[in-house]
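Student: One structure follows; several queries about it will come next.
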Amino acid sequence: MNRSRGISSELVSLLALAVAVAFAIPVLWMFAASLKPEQAIHEDLGSPRSFVTFSPTSEHYIAAIRRGDVSTTLVNTFVAVALIALGGLCVNAPAAYAFARMRFPGRELIFLLLVMTIIIPLEVIVIPLFLTVRPTRSLTAVLDERVWTLGALSIPFMAKAFNIFLLRQQFLSLPRSLEEAAFLDGAGWWRTFWHVALPNVRPAIVTVLLLDFVVHWNDFLWPLVVCQRADTRTVQLGLANFFTQPPILWGAVMAYGVLATIPMLVALVLGQRWIVRSLLTTGLKQ
């Protein structure tokens, strides 16, 4: 029995390693290509030599920073993602706690309808969403265009059905005795939520923050609709801009791709243990 379990564990590890390598290969090739001279990028394709550069150069990174306006696009994306993640936490966490612990008419039906919205893709609602946001453009008479754009990029995506679902499952897994003790001490719903429930679901909180970061760091369609000036572009629009201004310099494209990928890799490496901890307890009830 132990031997079969050991073999099964080794097979799972080998499969995980194979999947990891499959996902890492394009990233490694992109990094190697960003350091090669332009004429050498497409040489030896399909060969292990394409992952090695014998004469590394930084000229592509210089071109990417200059042509892609990296500082502006990174700042815009960081601010928009931070607003979505932190603002969304202020909306989704209380909503999830209400669905998990409070009793009110139609709770199950409302939660079911909310969960059903997870399957609706952005492409379906982008036009209604644009028609909803467009009247607020008159605020640019008071606000700076960049401020309005950051608000338009972030506010519509703060409330998320998936985040509410994930946090609700975490709240359901908490022992009710913790909250009952708080109620006996005179705490109300808000104090119980803020001082008892929320600190005990930190892994889930970090998970939803990271998921928001990864998802909205890669947003393209909605920023393409909203961003109308060069100083309001996000990272993905900055990358697309390389293909609208000839000549197409693939070395600069690869360098920009590396710069755009690094923040996501850092965030996932730092937060992976929190993601695992949150998923291990999701769905368990006390």
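Student: Has region 102-119 got at least one residue that is surrounded by 13 or more Cβ atoms within 10 Å (Cβ to Cβ), of a type outside the set (Gly, Ala, Ser) and touching a His at 6+ places or on another chain (Cβ under 7 Å)?
Tutor: No, the conditions are met nowhere in region 102-119.
Student: Where in region 151-262 are there helices (runs of 4 or more DSSP H), lying fully within it, with 1 or more residues that are closer than 30 Å to GLU38 by Cα, assigned by TED's automatic domain parsing to the domain that holds THR77 and touching a residue at least 24 places away in the same chain (Cβ under 8 Å)?
Tutor: Numbers: elements: 161-172, 176-184, 189-192, 202-217, 221-226, 235-240.
Where helices (runs of 4 or more DSSP H) fall fully within region 151-262 and carry at least 1 residues being closer than 30 Å to GLU38 by Cα, assigned by TED's automatic domain parsing to the domain that holds THR77 and touching a residue at least 24 places away in the same chain (Cβ under 8 Å), they are 202-217, 221-226, 235-240.
Student: Check whether at least one residue in region 125-140 is in a loop (DSSP other than H, G, I, E, B), modelled with pLDDT under 90 and surrounded by 11 or more Cβ atoms within 10 Å (Cβ to Cβ), and report yes or no.
Tutor: no
Student: Collect the residues in region 157-176 that are surrounded by fewer than 18 Cβ atoms within 10 Å (Cβ to Cβ) and over 16 Å from ALA100 (Cα atoms), keeping them in residue-number order.
Tutor: Matches in region 157-176: ALA159 only.
Student: Out of (1) at pLDDT below 90; (2) within 20 Å of the chain's Cα centre (by Cα), what's the single condition that is false for THR53?
Tutor: Checking THR53 against (1) at pLDDT below 90; (2) within 20 Å of the chain's Cα centre (by Cα), the one that fails is (2).
Student: If you don't mind, another one. Which one of ARG67, ARG49 is free of Cβ contacts under 8 Å to residues at least 12 places away in the same chain, basic (Lys, Arg) and either exposed (fewer than 15 other Cβ atoms within 10 Å of the Cβ) or in a helix (DSSP H, G or I) (or both)?
Tutor: Matching residue, one of ARG67, ARG49: ARG49.
Student: Report, ordered by the first and then the second residue, all pairs with beta carbons closer than 7 Å, sequence separation of six or more or different chains, a first member in region 1-30 that is under 22 Å from PRO48 (Cα atoms), and a second member that is part of a helix (DSSP H, G or I) and at pLDDT below 85.
Tutor: LEU28/PHE51; TRP29/SER50; TRP29/PHE51
Student: When you scan region 81-89, do you find a residue that is part of a helix (DSSP H, G or I), assigned by TED's automatic domain parsing to the domain that holds ALA152 and under 16 Å from THR261 (Cα atoms), even just one?
Tutor: yes
Student: PRO105 passes all but one of (1) outside any helix (DSSP H, G or I); (2) not assigned by TED's automatic domain parsing to the domain that holds PRO246; which number fails?
Tutor: The failed condition is (2).
Student: Separate question: How many of the residues in region 159-212 are of a type in the set (A, V, I, L, M), under 28 Å from the mean Cα position of the chain (by Cα) and more than 15 Å from LEU86 (Cα to Cα)?
Tutor: Residues of region 159-212 of a type in the set (A, V, I, L, M): 159, 161, 164, 166-167, 172, 174, 178, 181-182, 184, 187, 196-198, 201, 204-206, 208-211.
This time we only want the ones that are under 28 Å from the mean Cα position of the chain (by Cα), so: 159, 161, 164, 166-167, 172, 174, 196-198, 201, 204-206, 208-211.
Within this subset, residues satisfying the condition of being more than 15 Å from LEU86 (Cα to Cα) are 161, 166, 172, 174, 196-197, 201.
Final tally of qualifying residues: 7.
Student: If ARG107 meets every condition in (1) farther than 26 Å from VAL201 by Cβ; (2) more than 17 Å from the chain's Cα centre (by Cα) apart from one, which number is that one?
Tutor: Tallying (1) farther than 26 Å from VAL201 by Cβ; (2) more than 17 Å from the chain's Cα centre (by Cα), ARG107 fails exactly one: (1).
The values are calculated or read from the model by the stated rules, or taken from the named source; none is laboratory data. Note that this is a predicted model, so its numbers are computed, not measured. Positions of Cβ are backbone-derived with ideal geometry, glycine not excepted, and every protein chain shown enters the neighbour counts.
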